[in-house]
Amino acid sequence: MLKIKVKKVYLLLIKCQNDMNQKWLFEITPKTKLIDLNLKEVWSYRDLLMLFVKRDVITLYKQTILGPLWYVIQPLFTSLIFTLIFNSVAGISTGIIPPFLFNLAGVTTWNYFKECLTATSDTFKKNEQIFGKVYFPRIIMPMSIIVSNLLKFGIQLVILIGFYIYYVAIGQNIEPNRFIVLFPMLIVLMGMIGLGLGMIISSLVTKYRDLTFLVTFGVQLLMYMSAVMYPINLMKEKLVSVEEGYDYSWLVDYNPLAHIIEMGRYMILGQGTVTQFGVIYTVLITLVILFLGIIIFNKTEKSFIDTI
């Protein structure tokens, strides 16, 4: 009897040892790296990512009368107002490109960046209850916003294509540039810079709540400095005066968003000014902003729950 019990204990010890040697499916450890995307863990939570995307799309216009039609109304009315004010009243020329189509292309491109920035800039504050109760890779939340906004951008892009076909049908001499195949990469750049800036602002909002009120105002000012409603060359000309001795063209040259908007119009409409410096500078500054956003976001998520 004693031998049987000893044998059972021995087998039980062996089983426990084998269980201890097995790897855990998930292991939660404190982050020690400044840049730690942990893409393997993010991929394992891909279902949660899609649930957040679905939540963002469904709840945004829930219990509204027009619903997703706001995706269409907003860029159309904005482009119409820009056309009336900047082209009809102010007399800004858009060359051979119809002013409304010129503005619609700029507004459509700008809207994706704006929505990504404003939504991600409030990540910690809006989701403090979820973050305080459940563990998951926090970066999934801002990433879901970038993905969900692609739906809105896709709808507005279809509207842009519809008006493009209309103007071609009535005889306007416009055609896309051969670099149109690189347009998806431009979308990625817009998403990356919106994600990076949004994570930086979101991290600062945990301590400085006033930034929440400044984001909307700042985005509006940034739009006017990003050549959304006028050609980038015209803007640079107006910012330089030899007689009065000032040169503020650097506000455009060093604004990556102005280059992104101009590149978008150049690809879609075949008209615009794209320089090698603008392309290289935009890519580099976008990567820098994204990495800074990841570093600050990772650092903030460790202690934000104590300061939010």
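Every number in this text was worked out from the coordinates using simple rules, so none of it is lab data. These numbers come from a predicted model, not from an experiment. Positions of Cβ are generated from backbone atoms using ideal geometry, with glycine treated the same way; all protein chains shown enter the neighbour counts.
Site pair Phe163 and Lys299 shows an inter-label distance of 4.3 nm when each label is modelled 7 Å from Cα along Cα→Cβ.
What FRET efficiency, computed as 1/(1 + (r/R0)^6) with R0 = 22 Å and r the Cβ-Cβ distance, is obtained for Tyr246 and Thr273, rounded to the nearest 0.05? FRET efficiency, Tyr246 to Thr273: 0.50.
What separates the Cα centres of segment 73-142 and segment 255-269 is a distance of 14 Å. Place a point 7 Å from Cα of Tyr254 in the direction of its Cβ. Which residues in segment 266-280 have their backbone N less than 12 Å from it? The answer is none. Working ranking of peptides 152-161, 220-229, 117-126, 204-213 by packing, defined as the average number of other Cβ atoms within 10 Å per residue, highest first, is 117-126, 220-229, 152-161, 204-213. Here the spin labels are modelled as points 7 Å beyond Cα on the Cα-Cβ line, and at Glu237 and Ile155 they lie 3.8 nm apart. Indicate the gyration tensor shape class of segment 36-307 (rounded, prolate or oblate), computed on the Cα atoms with a ≥ b ≥ c the square roots of the eigenvalues: a/c under 1.5 is rounded; otherwise a/b larger than b/c is prolate and the rest oblate. Verdict is prolate for segment 36-307.
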